[in-house]
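Below is one structure, written out as structure tokens, with a few remarks after it.
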Amino acid sequence: MKVTVTFGRTGVVVPCKEGWTVRDLIQQATQRYRKLLEQEGDFLVRTHHVEYCDGGILDPDDVLTDLVEDKDKVRLK
């Protein structure tokens, strides 16, 4: 399964492993976003919450496959 995560107008595709939580998705998406910006180290990305593109906040402790399907889009705020 893969999920597209948007940071403002920039999106990154994250391949997700079975058993991942929303928190795992946040960590992987943030890491990929930092690589995209080519700013490792002290570059800070703060995530207040994850939500569906049409609204609805996801709980970080929930299992990802219970909430999203392959090729779904979510955004980090």
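The values are calculated or read from the model by the stated rules, or taken from the named source; none is laboratory data. Keep in mind that this is a model prediction, so the values were computed, not measured. Every residue, glycine among them, receives a Cβ derived from its backbone with ideal geometry; neighbour counts consider all protein chains shown.
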Practice prompt. For segment 64-76, enumerate the residues that are loosely packed, with under 13 Cβ neighbours inside 10 Å and either free of Cβ contacts under 8 Å to residues at least 60 places away in the same chain or in a strand (DSSP E or B) (or both).
Written response: ASP66
Practice prompt. Could you give me the residue pairs with C-beta distances under 8 Å whose first residue belongs to segment 1-25 and is more than 17 Å from TYR52 (Cβ to Cβ), whose second residue is aromatic (Phe, Trp, Tyr) and surrounded by fewer than 17 Cβ atoms within 10 Å (Cβ to Cβ) wherever it lies, and which are 6+ apart or on separate chains?
Written response: none
Worksheet item: Only one of VAL45, VAL3 is part of a strand (DSSP E or B) and either among the aliphatic types (A, V, I, L, M) or at pLDDT below 90 (or both); which?
Response: VAL3
Practice prompt. Go through the residues of segment 30-39 one by one and say whether even a single one is at pLDDT below 95 and not in a helix (DSSP H, G or I).
Written response: yes
